[in-house]
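The values are calculated or read from the model by the stated rules, or taken from the named source; none is laboratory data. Nothing here was measured: the structure is a model prediction, and the numbers come from that model. Virtual Cβ from ideal backbone geometry, glycine too; neighbours counted across all protein chains shown. All accessible areas refer to the heavy atoms of the entire protein, side chains included, with ligands and DNA or RNA removed. Shrake-Rupley method; radii C 1.70, N 1.55, O 1.52, S 1.80 Å.
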Amino acid sequence: MMRLPWFRWHAPRSVAEAAKILAGEGPQAMLIAGGTDLVPNMKRRHQEPAALVALRGVEGLKKIANGAGLTLGAGLTLTEVVEARQVREHYGALYQAAAQVATPHLRNMGTLGGNVCLDTRCTYYNQSYEWRRAIDFCMKKDGATCWVATASKRCVAVSSTDTAPALIALGAKVRLASAGGARELDLADLYNNDGMAYLTRRPDEILTEIVLPPAAGWKSAYWKLRRRGAFDFPVLGVAAAVRAAPDGTVEDARIVLGAVASRPIVAKAGELLAGKRLTDDVIEEVAAKVASRAKPMDNTDLEIYWRKEVVPAFVGYALREVRGDDMRATRMRIARQAL
Ligand SMILES: Cc1cc2nc3c(=O)[nH]c(=O)nc-3n(C[C@H](O)[C@H](O)[C@H](O)COP(=O)(O)OP(=O)(O)OC[C@H]3O[C@@H](n4cnc5c(N)ncnc54)[C@H](O)[C@@H]3O)c2cc1C
Ligand code: SF4
C-alpha cells in the first residue's frame, strides 16, 4: 500500500485566510482542492509538501457569475462545470473538455482550478517511488537526467490538462490572489513550456476565478485523443473557437493544442483563417499548418509518430464541428461518448 507522507493540514474558510496561511507557510506548502491529482502524486513522492492548504471549505471559490461573459470559481467541481447551463449552451469547447476529464467520480471531486494547475506528466515520472528509484529517478524529481531527452537541460513532461486548451481557445483570463494583492492575466500566460516550472503562478498565489469573455458569435469545440473512451489523460487535445459573419466568413479564430508540449500550444489561427470560409480545402490547409506546431515527445501513451500524424485529422474534426457538420458518428468512434 502506498502511504501519504506527513504534512500539516489547514482548512481555511476564505481566500484571504488561505492566502495568509500560504504566505506564512512559505513555498513548502501546497494548495489542495479535490486532491485527485495531488494525493496520488504525494503517495508516489512526486510532491512532498510540508503543509497542505485545503480549498474545499472556501465557498467564495465556488461561484458561477454571469457578467459581460462568464466567471467560474476555481473551486467548482468539473461536474458542476459540465452541468452549468451557461457552459453547455455558450462555451461548447469547455463543456466537451470538462466532460471528458477522467471519470464521473473524479469529476465530482476534481475542480476546474486543480485541472488548470494540473502537474505535467511523463512515462518516467508517473510511477511509484520504487520504480523511479530503480532508474535513478529523473530531473523532475530527485534525479539529474531526463530519460526522454538525455541531452536536454529542460524537463519535457507533458501538459495534460483537458480544460486549459479549451479555456485558452475561448479567450479565458485567470485571477490570482495572494496576501500581497490580486492580479489578472491571460490564461495562456499562466503556462511555461517547461515540465518542471510549468506555471508562472507564484507559490503564494491562489487561482480564484476563470473569466470568460462574451460568447456571442463564437462557436467552439474540443477533441481529445486517448487510448480508452472510459477514461484516460489526453495524448492530444485540440480546441477550436471561431467567430464567423452570417455569411460564414471567419472574423476571428483560435486553435489550441494540448498534450503535445509542456504547455498548451496556441496556433495563429486568427491569421490563418480570418477572411476565409471554412471550406474543406481551407480546413485541410489550416489543419496541416497548425499541426506543424505539435512536437510530441516519446513520454506518453501511444506511438509518437502516429500521435504526430493524427494532429491534422483532429484539428479538422474540431473545425468541421464548429462549421456545423454533424460529427456525432465520428465523435462516438473517437470519444466513445456523445457530447
Ligand atoms: C485516474 C485518473 C484519471 C484522470 N484523467 C484526467 C483526464 O483525462 N484529464 C485531465 O485533465 N485530468 C485527469 N486527471 C487529473 C485530475 O483528476 C483532474 O485534472 C482534476 O481536475 C484535478 O483537480 P483537483 O481539484 O483534484 O486538483 P488537486 O489534485 O487538488 O490539485 C492539482 C494541482 O493544482 C493545484 N491547485 C488546485 N487548486 C488550485 C487553486 N485554486 N490555485 C492554485 N493551485 C491550485 C494543487 O496545488 C496541485 O498542484 C485524472 C486523475 C486520475 C486519478
Ligand atoms: S521529461 Fe524527463 S525530466 Fe521530465 S519527467 Fe520525463 S524523464 Fe523526467
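Six or more apart or on different chains, Cβ atoms under 6 Å: show the pairs whose first residue is in segment 218-234 and within 16 Å of ligand 2 (Cβ to nearest atom) and whose second is modelled with pLDDT of 95 or more.
Within 6 Å, the pairs are Phe233/Ser160.
Kindly provide the set of residues from segment 269-291 that are within 22 Å of the chain's Cα centre (by Cα) and modelled with pLDDT of 95 or more, ordered by number.
Ala287, Val290, Ala291
Kindly establish whether Pro234 is buried (at least 20 other Cβ atoms within 10 Å of the Cβ), within 15 Å of the chain's Cα centre (by Cα) and more than 10 Å from ligand 1 (Cβ to nearest atom).
Answer is no for this residue.
Looking only at segment 104-126, decide whether some residue is more than 15 Å from ligand 1 (Cβ to nearest atom), farther than 23 Å from Leu302 by Cα and more than 20 Å from the chain's Cα centre (by Cα).
No, segment 104-126 has no match at all.
Where in segment 249-322 are the helices (runs of 4 or more DSSP H), entirely inside, with at least 2 residues that are buried (at least 23 other Cβ atoms within 10 Å of the Cβ)?
In segment 249-322, 269-273, 280-291 are the helices (runs of 4 or more DSSP H) which contain 2 or more residues that are buried (at least 23 other Cβ atoms within 10 Å of the Cβ).
List the pairs whose first member sits in segment 182-199 and is buried (at least 16 other Cβ atoms within 10 Å of the Cβ), whose second member is acidic (Asp, Glu), and whose Cβ atoms are under 6 Å apart, counting only residues at least 6 apart or on separate chains?
Close Cβ pairs (under 6 Å, with a partner that is acidic (Asp, Glu)) do not exist here.
So which of Ala221, Ala188, Ala215 ends up being outside any strand (DSSP E or B), closer than 20 Å to His90 by Cβ and among the small types (Gly, Ala, Ser)?
None of the others qualify; the one that does is Ala215.
Inside segment 3-41, can you point out the residues that are open to solvent by 70 Å² or more (accessible area, probe 1.4 Å) and of a type in the set (Asp, Glu)?
Glu17
Restricting the search to segment 127-179, which residues are under 17 Å from the mean Cα position of the chain (by Cα), more than 30 Å from Ala216 (Cβ to Cβ) and within 15 Å of ligand 1 (Cβ to nearest atom)?
Selection gives Ala157, Val158, Ser160.
Can you find even one residue in segment 176-193 that is aromatic (Phe, Trp, Tyr), in contact with a helix residue (DSSP H, G or I) (Cβ under 9 Å, 6 or more places away or on another chain), within 16 Å of ligand 2 (Cβ to nearest atom) and modelled with pLDDT of 95 or more?
yes
So is Ala244 among the small types (Gly, Ala, Ser) and surrounded by 23 or more Cβ atoms within 10 Å (Cβ to Cβ) or not?
no
Here are the criteria: (1) acidic (Asp, Glu); (2) over 20 Å from the mean Cα position of the chain (by Cα); (3) over 21 Å from Arg254 (Cα atoms). Tell me which single one Asp301 does not satisfy.
Going through (1) acidic (Asp, Glu); (2) over 20 Å from the mean Cα position of the chain (by Cα); (3) over 21 Å from Arg254 (Cα atoms) one by one, Asp301 breaks only (2).
Here are Ala157, Ala151, Ala134: which of them is within 8 Å of ligand 2 (Cβ to nearest atom) and either at pLDDT below 95 or farther than 21 Å from Ala74 by Cα (or both)?
On inspection, the qualifying residue turns out to be Ala157.
Go through Gly217, Gly258 for me and flag whichever is within 19 Å of the chain's Cα centre (by Cα), under 30 Å from Ile334 (Cα atoms) and of a type outside the set (Lys, Arg).
The match here is Gly258.
For segment 323-339, name all the residues that are open to solvent by less than 60 Å² (accessible area, probe 1.4 Å) and within 16 Å of Val235 (Cβ to Cβ).
Within segment 323-339, Ile334, Ala335 meet the criteria.
Name the single residue that is farthest from Ala240 (Cα to Cα) among those in segment 149-163 being surrounded by fewer than 22 Cβ atoms within 10 Å (Cβ to Cβ) and of a type in the set (A, V, I, L, M, F, W, C).
Within segment 149-163, the match that is farthest from Ala240 (Cα to Cα) is Ala151.
So that you can scan it fast, the table gives a plain yes or no per residue for (1) within 8 Å of ligand 1 (Cβ to nearest atom); (2) within 23 Å of Lys173 (Cα to Cα); (3) modelled with pLDDT under 95:
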| site | (1), (2), (3) |
| --- | --- |
| Ala23 | no, no, no |
| Ala29 | no, no, no |
| Gly34 | yes, yes, no |
| Val39 | yes, no, no |
| Met42 | no, no, no |
| Arg45 | no, no, no |
| Leu61 | yes, yes, no |
| Asn66 | no, yes, yes |
| Leu70 | no, yes, no |
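Would it be correct to say that Tyr95 is crowded, with 22+ Cβ neighbours inside 10 Å and away from ligand 1 (no atom under 13 Å from the Cβ)?
yes
Starting from residues that are of a type in the set (A, V, I, L, M) and open to solvent by 10 Å² or more (accessible area, probe 1.4 Å), keep the ones in segment 208-217 and report whichever is nearest to ligand 2 (Cβ to nearest atom).
Among them, the one singled out is Val211.
Among the residues of segment 248-264, is there at least one that is closer than 23 Å to Thr77 by Cα and of a type in the set (Asp, Glu)?
Taking every residue of segment 248-264 in turn, none turns out to be closer than 23 Å to Thr77 by Cα and of a type in the set (Asp, Glu).
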